[in-house]
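A short reminder: the numbers here are calculations on the coordinates, not readings from a lab. Nothing here was measured: the structure is a model prediction, and the numbers come from that model. Don't worry about glycine lacking a Cβ; one is built from the backbone with ideal geometry, like all the others, and counts go over all protein chains shown.
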Amino acid sequence: MAPRPGRAPYLTERSRGGENAPVTDETKPRAPFAPWDRRELPGLFSVEETARRVGNYKWAEMRLFEVLGGWVATVPELDVKLVLGRHCYHHAWHSELWHKRLPELREMNPERLTVPANDAFVTFMDAVREPEAPEHTIEKLVGVYRVLIPRFIAAYTYHLNGTSRITDAPTIRSLSFALQDEFDDWRDGEMLIQSLLDTPEKIERAGRRQEELEKLALASGGIAGPGSLGEPAQEVSVA
Amino acid sequence: MKKMLPESELARDERFVRSKIEDRIFDPRGAKIAARNTGPAKMATDRPAAAERSRSLMHGIFVGEVQALEGAGRTCFDFDDTEAPFQLKLDMARQCWDESRHCEISIKLGDHMGTEIGEYTESTFLYSAACNPDPVLRLCGVNRALEGLAIDVFSTMKEFGNESGDPVLEFCEDWMLADEVTHVKMGSDWLRRLTDKDPERRERALEFQRTVDAIFNLGGFRGDEEENVIQLARRFRELAGFTEEENDSLSALARESTEQAREMAEMATAALNAQSS
């Protein structure tokens, strides 16, 4: 076998002569990042911007878990009642994750940043939380599962994809847990809605409700305000 | 949506039939049943009506869980951030999830035991304890009095499951019992934290708890004696943070209620006898 100048001998050569040479060399330098680890620096968000967004998330998750809890007593459909009780906790837990993250982002008074993105977002959330009557289950569910939760999914996904996977790993971990819940809850809610929409009139009701709320959400820019999903993509001319 | 939803507005589907507590207490059939003197009221497998009584109690547990879920949910919503701390609301949201699971368990156990939703009536006075406008009083009434009662009920049902050779019932009641101990601890913790510097508010909360406890002792339903349907689960209550003194006090209150119930039954029986002679 040909010698390999400057490199460790092959295992068979090294082992020749009854020596018990180590199979690996602990002192050999290895790259700090494995070839499959594609994490990079920097990310899109500064510490301050991350804290601002996290504060917005916490505020929105709080308003959501409160109303899900409040609605439990107002919906006559037993299956919906029980799902709302379960989801109420999911969103409370998300708000707790964000509450704990804020001091780690140099915000020692978490209440200071636990605010809505803007006044338009308050108007939107007030509208989502407004239905009360027992015959308004469709309006309640459409607001949460067809308008609000998809916006959580969008804002969290944008944040997850944009932030640095090295410097902001703790936020990413929380985003991943929250997103998993959001997807599962969205599916539960959407299936409940589909099971309730058993006439063309109810489908129209759901559509009207969704349209009203979509307009309010648009005016707010989303859960973290304008830029919740980043700047609109610019069309690039190839001419 | 408005804050503070009265019990009259609790939303139910058409299977549910609501009854008032006074209708139950003053039901004229009660005196006739009491006059039969059928032995101790404690849940026991050798009683001829054991299966029927356990089904009725299971349905009562189910509607109680629905109302506990609704009450915890309203506590998340009814108070703003200055009236109820963020962490308290998180605890109530957690309780929502727990109560939601208890509803699911109770529905499946009801099926298992041969009853169905709406076979028995629902009294909503459990939820009414969750309508108190002071969050401390509400937690004392719900988490210490009612969830304390739930410890007694689940412990009794667990024992009944064991004695009747029903491992499914015993298994499920044991899991729910574990959650209820947690809920009582939440109530005790928040009572201590929120009234740390306000002994007057603490006393009002404890008084409210005693009132709720007294309602649920009514007619000798719960106590330490053989004639009580539900037995006081002292060991689990201690795990949940109740002191021996509190348990003794509750036991004394239960004996008083049982005695009152006996006197009422005797009076009713005498009145029935007078009518028939």
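Brief remarks follow.
- Region A:29-137: chymotrypsin sites (Phe, Trp or Tyr not before Pro) falling in loop per DSSP and having at most 11 other Cβ within 10 Å: A:Phe33, A:Trp36
- FRET E, pair B:Lys3, B:Asp196, Förster distance 30 Å, beta-carbon r, rounded to 0.05: 0.70
- Fluctuation leader among A:Glu201, A:Glu212, A:Glu26 - chain A, Gaussian network, Cα springs under 10 angstrom: A:Glu26
- In region A:94-193, the convex hull through the Cα atoms has an average projected area of 7.2 nm², a quarter of its surface area.
- Hull-based mean projected area of chain A, where the convex hull spans the alpha carbons, in square nanometres: 23.7
- Inverse mean reciprocal Cα-Cα distance (Kirkwood Rh) of region A:138-239, Å: 15.4
- Other-chain or far-sequence residues with amide H under 5 Å of B:Ile230's (modelled H): B:Arg222, B:Gly223
- Taken about its Cα centre, chain A carries a charge dipole of roughly 1180 debye when the Cβ of each Lys and Arg holds +1 and the Cβ of each Asp and Glu holds -1.
- Solvent-free Debye calculation, one equal scatterer per alpha-carbon of region B:1-72: log10 I(q)/I(0) at 0.12, 0.20, 0.27 Å⁻¹ equals -0.51, -1.08, -1.35.
- Using θ = phi - 60° and Karplus 6.51 cos²θ - 1.76 cosθ + 1.60, couplings along region A:200-208 (whole Hz; Gly, Pro as x): x, 5, 5, 5, 5, 4, 4, x, 4
- Per-residue 3J(HN,Hα) values for region B:226-243, derived from phi via the Karplus relation 6.51 cos²θ - 1.76 cosθ + 1.60 with θ = phi - 60°, read 4, 7, 8, 4, 9, 8, 5, 8, 4, 5, 5, 5, 5, 4, 7, x, 6, 7 Hz in sequence order (x marks Gly and Pro).
- Here the protein assembly as shown is assigned +1 on the Cβ of each Lys and Arg and -1 on the Cβ of each Asp and Glu. Its dipole about the Cα centre then comes out at about 1540 debye.
- 5 angstrom amide H check on B:Arg18, placed H, neighbours 5+ away: B:Glu122
- Note on B:Phe171 and B:Arg24: with the Förster distance fixed at 22 Å, the Cβ-Cβ geometry gives a FRET efficiency of about 0.10.
- Among B:97-109, A:158-170, the peptide with the highest mean count of other Cβ atoms within 10 Å heads the list, and the full ranking is B:97-109, A:158-170.
- Remark: mean inter-chain Cβ contacts per residue of B:88-95 equal 6, using a 10 Å Cβ-Cβ cutoff to other protein chain atoms.
- Per-residue HN-Hα couplings for region B:61-72 [Karplus 6.51, -1.76, 1.60; θ = phi - 60°; Hz; x = Gly/Pro]: 4, 4, 5, x, 5, 4, 5, 5, 4, 5, x, 5
- Cα-only Debye scattering, the protein assembly as shown: base-10 log of I(q)/I(0) at q = 0.07, 0.11, 0.12, 0.13 Å⁻¹: -0.51, -0.98, -1.11, -1.24
- Against chain A, whose longest principal axis is taken from its Cα atoms, helix A:47-72 shows a tilt of about 40°.
- Pairs beyond 30 Å (Cα-Cα), from A:Lys202/B:Lys20; A:Lys100/B:Lys158; A:Lys100/A:Lys202; A:Lys202/B:Lys89; B:Lys20/B:Lys42: A:Lys202/B:Lys20; A:Lys100/B:Lys158; A:Lys100/A:Lys202; A:Lys202/B:Lys89
- Using the Cα coordinates of region B:173-277, the gyration tensor eigenvalues translate into equivalent-ellipsoid semi-axes of 33, 18, 10 Å, sorted from longest to shortest.
- Descending semi-axes in whole angstrom, ellipsoid equivalent of region B:73-132, from the Cα gyration tensor: 30, 15, 6
- Spatial separation of Cα centroids for region A:183-214 and region B:93-127, in angstrom: 27
- Summed side-chain charge close to B:Leu5 - residues other than B:Leu5 whose Cβ falls under 11 Å, Lys, Arg +1, Asp, Glu -1: -2
- With respect to chain B, whose longest principal axis is taken over its alpha-carbon atoms, helix B:167-194 is tilted by about 50°.
- For the residues A:Ile203, A:Ile193, A:Ile149, a GNM of chain A with alpha-carbon springs under 10 Å puts the largest fluctuation on A:Ile203.
- Using the alpha carbons alone, the radius of gyration of region B:91-240 stands to its Kirkwood radius in an Rg to Rh ratio of 0.98.
- Computed over chain A with a Gaussian network model linking Cα atoms closer than 10 Å, the most mobile of A:Asn109, A:Asn118, A:Asn56 is A:Asn109.
- Scanning residues 5 or more positions from A:Ser164 or on other chains, those with amide H under 5 Å from its amide H are A:Gly43, A:Leu44, A:Phe45, with H placed 1.01 Å from N in the peptide plane.
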